[in-house]
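Working notes, structure below.
The values are calculated or read from the model by the stated rules, or taken from the named source; none is laboratory data. Please read these numbers as outputs of a predicted model, since none were measured by experiment. No Cβ is skipped: glycine too gets one built from the backbone with ideal geometry, and neighbour counts run over all protein chains shown.
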Amino acid sequence: MTLMELRELSDLDTHLGNRPAQLRAAQRKGVKVVGFFPGNYVPEEIIYASGALPICLARGGSPEPVDAALTEVPDVICPFVRAQVGERLLKTNPYYGMIDMLVAPITCQHLKKAGEIWEYHGDKEIFKLGVPHQNDAEFSLEYYADRLRVMKDRLEALTGNEITDEKLGEAITLYNRIRGLLREVSLLRRAAPPPISSLEFVKLNHASFYADPVFFADVLDSVYHELQGEKAVTKAEAPRLLLLGPNVADGDYKVLGLVAAAGGEIVAEELCEGIRYYWHDIENEGDLRRSLARGYLIDRLPCAFIRRSAKKRLDFALKLVQDFDVSGIIWYEILQCEVYNAESYFFAQRMREHNVPMLILESDYGTADVGQLRTRIEAFIEQIRKAGDND
Amino acid sequence: MIELLKLCGFTDSEIEAQLPRVAAVFSRFGVTAEDIERGKQRLNKYYDLEMPGVRQAVRLCIKDLTNMVLAREEGKQKVIYGFMAPGFEILGSALLSKSSAVHVASLFPSLHFVIGCVFDKIVPILEAAERKWLKSGKIAHCGNVKTLVGLFALDLIPRPDLLVTSGFLCDTAPKAIDLIQELYGIPTYYYDSCHDREFREYPDDIRVTGLAAKSLRRFALKVQEVVGFEITDDMLQEAIDARGGLSTAMKNIHNLMDSGDPLPLSANHDLLCHTMSTLPRGKSDTGEPLAILNTIYEAMQDRVRKGIGAVEKGAPRVLALNPHHMNDPRMEHLLGELGIALVSSETGFFAPHGERDPAGEKPADPYEKLAQSLRTSLAQGLSARAAIIIEACRRLNVDGVLDKYHVGCRMGAADAMLLKDAITQQLGIPVLLMEWEGFDPRAYNEEQCRRRLELFKDVLISSRQPE
Ligand code: SF4
Ligand code: SF4
């Protein structure tokens, strides 16, 4: 049996198909649906513990919402953020329209604008979750922990439910289970060849944005156990690659597909919606709000908007290169993401010093660049293959 | 060169003393004899050198730039730069009051003015940054950070002992200095706040100014380590007090600009005055910029009395969103030439009334005073920014708004469309959006600008409410 034939995965597909209707039915019974923007700085645990259903709004990859947003933001704003603005305008994606409240984390300077634009329209309850970008001071931690307290108060007011320590502890246990399983599955990809492709893994991770977390954890558990005895999905000689960059949105599968088609095997994704989310667990003891604050603000691998983050992520990427036996890096950034674009220079320089080839790709969600991307990816993989042959 | 210095208000004895220094600095920036000729023409064209105080302002910019570039060679033991760091000029003034071994500079109002506005020599610096990590093209990196990186890439200014920026406005500047530290080994530091104010809290800013004050305090400890002496709250308060005169002088100038018809001063001079008010100066050293500002103010009063202005009386009045172009005076000049009164740019409008001063009780903590710039429109989220701008428009009684949004500055550019929406809905006045780069002269296209602004002027006039 292949992974895709696993009954739990087809159940997950069905679950996702029914999820909007399920959420609406829950709303009719008074349950609240709370959306949040991705990037790893919104603790779903607090939302879940309030009895609300958390949904991560991270749709991307198609040009329509990105273009629709141009009536509200200029095209120097990154396509991912424009998608979050455009989805609200288009109303075609059910999740964007149904949320009762949006938690907008104050992360990169583009994404924070998406929250501001939703706030400007005033038709949804918004909570802007302050994330201090200087995360190395005690006062920053206190600030973020206090904003989590306010988030808790706002969710309690929205749902009418008290968020007790007990409920928070249960939520942390549940999400730690999900993170732990994603981590375990991810670690299986150290094998040569890996038992699950990058595209499959990324889509599985994306499913967690919408799925019921208890159900999803059980699915992941089955997948993990199935994969332990699973045969490889690719040929052993496929060059092993590490994907670095800001994000891969739900639906943004162009580059992953092109790499796979060119015979490359991405074995780890160091992105906001990748390793950064599941690499660390949240401590489930003591002052839980503080523990969440520490886990989300400090312990995690920082995004590029956090001060002094480039070196930390570089060191971590170099460790992944070792641990996952990587022979090349694909740096995939979204057009107009100037902060990651600036960093790509630094990473490329340092990777060169470590003899790790790195390809920098940048794309919006259009189709016009597919040919050019394909050519560059093929040439890069060929170059790695040749280097491998010469070794 | 001598002629140029004379034109800029240097006296004969000053020229004798300063010429070798200034010449050394100009040659480092590749300023040729031809550039000097062009500089003279540009000064005569874009600035009213006959207006008392203006030459002295240009002269002070040249001196400030010279002092910065030669700081190491002339024996300064510690060099500290602030870049996009509001409040730094005050802390810097406290340092300068205490020690003459330290050089403190705000990057780069005076450099932008002399190298950009006067000599039009910024482009090679931008290009140097584009050869590093701030590549040109659609990505549209900010020209201000390009200038910073280009200066270090070309070794045009001394490497500092500390380079500081703030996250008060953007992530772009902090990212740039992070990479400067990694790639050039220059020690850097940040102070920060958090951009999480909700409009439902508006205009309450205590949370974010409080966070900024803590961060600024921590920054002061870092500076202490670098300079080797303590920075007390009293020193900081003294610097705030000593600079109080500069703020008052600027306020006087703005009051005349806000109400004067005809507009007594053109936008390019407004920027020059602003530069005077933001240079870090020691306690005993604020006299020079203060005298310049007061002289300009008196000259403006005289103009108002005589009915003389930068544009004709009754010219359509416009508020420009975002600051004026920092190193290219052409667009602001063109507006005047077309008979549009550019009453102000969006610098220093405070919540909630769009006034030039923060409303309410002044905080007792000097670090919280340094954080007050967070209460201005540019540091706010979209809805609060719109609210402040709308109040400012009402107060200034403008006929329209020009939002020449700086594409490299995402936090400001992102607001353009919805600011227009808010202003149009609430005030019914025309708003012109123009894509722009506020630090890169290559963005200017005279023909296109002229055409669009002429049309805009017609719209402004035709949409004026009958008296
Ligand atoms: S892609 Fe870059 S600019 Fe866009 S949201 Fe992510 S980090 Fe921000
Ligand atoms: S202009 Fe904007 S993007 Fe550029 S450094 Fe200043 S605040 Fe940052």
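Would you confirm, using the coordinates I've provided, whether B:SER215 is more than 28 Å from B:ALA291 (Cα to Cα), among the hydroxyl-bearing types (Ser, Thr, Tyr) and part of a loop (DSSP other than H, G, I, E, B)? Judged against the criteria, B:SER215 is not a match. Of all residues in segment B:347-377, those satisfying the criterion of being of a type in the set (A, V, I, L, M) and touching a helix residue (DSSP H, G or I) at 6+ places or on another chain (Cβ under 8 Å) are B:ALA351, B:LEU370, B:ALA371, B:LEU374.
When the strands (runs of 3 or more DSSP E) confined to segment A:258-364 are screened for residues that are within 14 Å of chain B (Cβ to nearest Cβ), those reaching at least 2 such residues are found at A:328-334, A:358-363. The single residue among A:ALA342, A:ALA387 that is surrounded by 19 or more Cβ atoms within 10 Å (Cβ to Cβ) and over 14 Å from A:LEU256 (Cα atoms) turns out to be A:ALA342.
Put simply, of A:LEU53, A:LEU16, A:LEU12 the only residue that is under 19 Å from A:GLY160 (Cβ atoms) and away from chain B (no Cβ under 14 Å) is A:LEU53.
For segment B:370-402, a residue qualifies if it is assigned to a strand (DSSP E or B) and away from ligand 2 (no atom under 16 Å from the Cβ), and the qualifying residues are B:GLY400, B:VAL401, B:LEU402. The set of residues in segment B:407-450 being surrounded by fewer than 21 Cβ atoms within 10 Å (Cβ to Cβ), in contact (Cβ under 8 Å) with a residue 24 or more places away in the chain and acidic (Asp, Glu) consists of B:GLU435, B:GLU446. Restricting attention to segment B:123-138, the residues that are within 12 Å of chain A (Cβ to nearest Cβ) and within 13 Å of ligand 2 (Cβ to nearest atom) total 2.
Filter segment A:75-121 down to the residues that are under 29 Å from B:ALA173 (Cβ atoms) and of a type in the set (Phe, Trp, Tyr), then identify the one that is nearest to the other protein chains (Cβ to nearest Cβ).
Among residues in segment A:75-121 that are under 29 Å from B:ALA173 (Cβ atoms) and of a type in the set (Phe, Trp, Tyr), the one nearest to the other protein chains (Cβ to nearest Cβ) is A:TYR120.
Considering each residue of segment B:33-58, count those that are aromatic (Phe, Trp, Tyr) and over 14 Å from B:LEU271 (Cβ atoms), and give that number. Looking only at that region, the number is 0. The condition (being within 24 Å of B:VAL102 (Cα to Cα) and within 14 Å of chain A (Cβ to nearest Cβ)) is satisfied by just one residue among B:ARG207, B:ARG218, B:ARG243: B:ARG218.
Select from segment A:296-333 the residues that are in contact with a His (Cβ under 9 Å, 6 or more places away or on another chain) and crowded, with 23+ Cβ neighbours inside 10 Å and write down the one among them that is farthest from A:THR107 (Cα to Cα). So, considering only residues that are in contact with a His (Cβ under 9 Å, 6 or more places away or on another chain) and crowded, with 23+ Cβ neighbours inside 10 Å, the one farthest from A:THR107 (Cα to Cα) is A:ARG307. Within segment B:358-385, the set of residues being of a type in the set (Ser, Thr, Tyr) and farther than 18 Å from B:GLU89 by Cβ comprises B:SER377, B:SER383.
May I ask you to say which residue of B:TYR367, B:TYR405 is among the hydroxyl-bearing types (Ser, Thr, Tyr), more than 16 Å from ligand 1 (Cβ to nearest atom) and in a strand (DSSP E or B)? From the options B:TYR367, B:TYR405, the qualifying one is B:TYR405.
Scanning segment A:195-214 finds one or more residues that are over 16 Å from the mean Cα position of the chain (by Cα) and more than 30 Å from A:ILE329 (Cβ to Cβ). The residues listed here are B:PRO187, B:PRO174; of these, the one that is within 16 Å of ligand 1 (Cβ to nearest atom) and touching a strand residue (DSSP E or B) at 6+ places or on another chain (Cβ under 8 Å) is B:PRO174.
The one condition from (1) over 17 Å from the mean Cα position of the chain (by Cα); (2) at pLDDT below 95 that B:GLY336 does not meet is (2). Only residues that are within 14 Å of chain B (Cβ to nearest Cβ) and either closer than 19 Å to A:CYS108 by Cβ or buried (at least 19 other Cβ atoms within 10 Å of the Cβ) (or both) were counted in segment A:126-153, giving 17.
Sub-9 Å Cβ pairs linking a first residue in segment B:142-165 that is at positive phi to a second residue that is surrounded by fewer than 20 Cβ atoms within 10 Å (Cβ to Cβ) and not hydroxyl-bearing (Ser, Thr, Tyr), at least 6 apart or interchain, are B:ASP155/B:ARG28, ordered by first then second residue. Scanning segment B:408-421 for residues that are in a helix (DSSP H, G or I) and either within 10 Å of chain A (Cβ to nearest Cβ) or more than 20 Å from B:PHE456 (Cα to Cα) (or both) yields B:ARG410, B:MET411, B:GLY412, B:ALA413, B:ALA416, B:MET417, B:LEU418, B:LEU419, B:ASP421. Restricting segment A:96-113 to residues that are within 16 Å of A:CYS337 (Cβ to Cβ) and under 17 Å from the mean Cα position of the chain (by Cα), which is farthest from ligand 1 (Cβ to nearest atom)? Checking each candidate, the answer is A:LYS112.
For segment B:302-318, the count of residues that are under 23 Å from B:LEU370 (Cα atoms) and either crowded, with 20+ Cβ neighbours inside 10 Å or out of contact with any strand residue (DSSP E or B) (no Cβ under 8 Å at 6 or more places or on another chain) (or both) is zero.
Checking each residue in segment B:167-204 for being closer than 19 Å to B:PHE350 by Cα and not acidic (Asp, Glu) picks out B:GLY167, B:PHE168, B:LEU169, B:CYS170, B:SER193, B:CYS194, B:HIS195, B:ARG197, B:PHE199, B:ARG200, B:TYR202, B:PRO203. Determine, yes or no, whether B:ASP178 is facing another protein chain (nearest Cβ under 10 Å) and either within 30 Å of A:ALA348 (Cα to Cα) or of a type in the set (Ser, Thr, Tyr) (or both). In short, yes. Only one of the listed residues (A:PHE347, A:PHE324, A:PHE380) is within 16 Å of ligand 1 (Cβ to nearest atom), modelled with pLDDT of 95 or more and farther than 22 Å from A:PHE209 by Cα. That residue is A:PHE347.
Only one of the numbered conditions (1) within 22 Å of B:ALA213 (Cα to Cα); (2) in a helix (DSSP H, G or I) is not met by B:ARG59, and that is (1). Within segment B:300-318, not a single residue is outside any loop (DSSP other than H, G, I, E, B) and within 16 Å of the chain's Cα centre (by Cα).
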